[in-house]
Amino acid sequence: MDLNAVRTFVAAADAGQFQQAAAELSISQQAVSKRIAALERDLGVHLFTRTPRGARLTIDGQAFLPHARELLGAEERAAASVRPGRRALRVDVIGRGLAPAALLRDFHRTHPGIALDVVTLFDADTAITAVHAGTIDASFRALTRDLPAGVEAVRVLDEPLQLLTGPRHPLAAARAVAPADLAGHRIWMPGIITGTEWAAYYDDLAAAFGLTIDRVGPEFGTEPLLDVVAGSPSLATFVGDQTRLLWPDAYGLRRIPVQSPTPAYPHSLIWQADNPHPALTTLRAHLTRPGRSRLADTWTPPWAAR
């Protein structure tokens, strides 16, 4: 169905005259007549009866009018869903309980009028491809490689690591630990997947400080990991200081800062340079606003300087 003809029909029905409808649509009266005649042919009914005072809706025209308005409303909603500035800003955050999600929640609290569509893609390669293709507007990732032409990034957070232990672990009572203190302790991280940006980070961290990071075992999610660590006198794991974790009081888990130096996970915001969505500019400004400073005495992998 020709939506221009439907729009012309609604204008004529509201105006009661083809001439006035033509003026409102900035077309000729002849064009109005042709569009309505074509619509009537498509529908197989007469929509108007001509009168000395203008045009009056037939019974069929009266029946069709509310549906015609719905058609035009659906057209507007469909266009608005993909129109820059009207559709939601689509952002990838890796995981909804991790630091990038916290950054995005803070942005939403500051700018509640901006609609967000939050997604979680697998790894940096997948996210960069999606940004480049326009499937998403932005992504929070650690960057281990150069970006394709047209894709840009800015470092937005160096997130300190914490050691997570159970109450019987030898380091459970420590107020802070240095990376050197962790040599010889088994740090269990079954969620590390070869080829991902977080695998590159923890491989470099282990090499830099002589750590034993054990990725053996299936990944069953956060809750089983916490359960095992809570009951173990020897296993520990790393978490970011902004990672949201909930566990029963009986677990007695400890979150211990790692310092001297502090290993920090480098989160960057990635976007396509020619993306026209106005909320993307607002997001970048929010994440890079004055007052955000990097921690002193931190360690990050050499590739994090990109």
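The values are calculated or read from the model by the stated rules, or taken from the named source; none is laboratory data. Predicted model, so just to flag it, every value in this text is computed and none were measured. Because the Cβ atoms are built from the backbone with ideal geometry, glycine has one as well, and the counts that use them run over all protein chains shown. In case anyone asks, the SASA skips ligands and DNA or RNA and just uses the protein heavy atoms, side chains included. Shrake-Rupley method; radii C 1.70, N 1.55, O 1.52, S 1.80 Å.
In the condition set (1) over 46 Å from the mean Cα position of the chain (by Cα); (2) farther than 17 Å from Gly54 by Cα, Arg7 is compliant with all but (1). On the basis of being on the phi > 0 side of the Ramachandran plot and without any contact (Cβ under 8 Å) to a residue 40 or more places away in the chain, does Gly134 make the cut? Criteria not met by Gly134. Restricting attention to the range 74-101, the residues that are open to solvent by 20 Å² or more (accessible area, probe 1.4 Å) and in a helix (DSSP H, G or I) add up to 8. Here Ile213 passes the criteria (1) open to solvent by 50 Å² or more (accessible area, probe 1.4 Å); (2) of a type in the set (A, V, I, L, M); (3) in contact (Cβ under 8 Å) with a residue 12 or more places away in the chain except the one numbered (1). As for the range 261-271, it holds no residue that is modelled with pLDDT of 95 or more, within 30 Å of Arg168 (Cα to Cα), of a type in the set (A, V, I, L, M) and over 25 Å from the mean Cα position of the chain (by Cα).
Name the one entry in Ala153, Ala176 that is modelled with pLDDT of 95 or more, open to solvent by less than 50 Å² (accessible area, probe 1.4 Å) and assigned by the TED database to the domain that holds Arg284.
Criteria check complete, one pass: Ala153.
Taking the range 27-55 as the search range and keeping residues that are at pLDDT 90 or above and not in a helix (DSSP H, G or I), which one is most open to solvent (accessible area, probe 1.4 Å)? Ranking the candidates gives His46 first. Look at the range 7-28: where a residue is charged (D, E, K, R) and a partner is open to solvent by 30 Å² or more (accessible area, probe 1.4 Å), sitting 6+ places away or on another chain with Cβ atoms under 7 Å, you get Arg7/Leu72. Of the residues in the range 157-171, not one is exposed (fewer than 14 other Cβ atoms within 10 Å of the Cβ), in a loop (DSSP other than H, G, I, E, B) and either small (Gly, Ala, Ser) or in contact with a Leu (Cβ under 8 Å, 6 or more places away or on another chain) (or both).
Would you mind stating whether Ala63 is among the small types (Gly, Ala, Ser) and part of a helix (DSSP H, G or I)?
yes
Look at (1) at positive phi; (2) open to solvent by 60 Å² or more (accessible area, probe 1.4 Å); (3) within 33 Å of the chain's Cα centre (by Cα) and you find that Gly184 fails only one, number (3).
Leu143 falls short on exactly one of the conditions (1) more than 21 Å from His267 (Cα to Cα); (2) of a type in the set (A, V, I, L, M); (3) not in a helix (DSSP H, G or I), and that condition is (1). Within the range 192-210, being in contact (Cβ under 8 Å) with a residue 24 or more places away in the chain and surrounded by fewer than 18 Cβ atoms within 10 Å (Cβ to Cβ) holds for Ile193, Gly195, Ala208, Phe209, Gly210.
Scanning the range 247-295 for residues being out of contact with any Gly (no Cβ under 9 Å at 6 or more places or on another chain) and assigned to a loop (DSSP other than H, G, I, E, B) gives a total of 13.
In the range 1-26, which residues are in contact with a strand residue (DSSP E or B) (Cβ under 6 Å, 6 or more places away or on another chain) and open to solvent by 70 Å² or more (accessible area, probe 1.4 Å)? Matches in the range 1-26: Gln17 only.
Residue count for the range 102-114 under the criterion of being open to solvent by 50 Å² or more (accessible area, probe 1.4 Å) and without any contact (Cβ under 8 Å) to a residue 40 or more places away in the chain: the result is 5.
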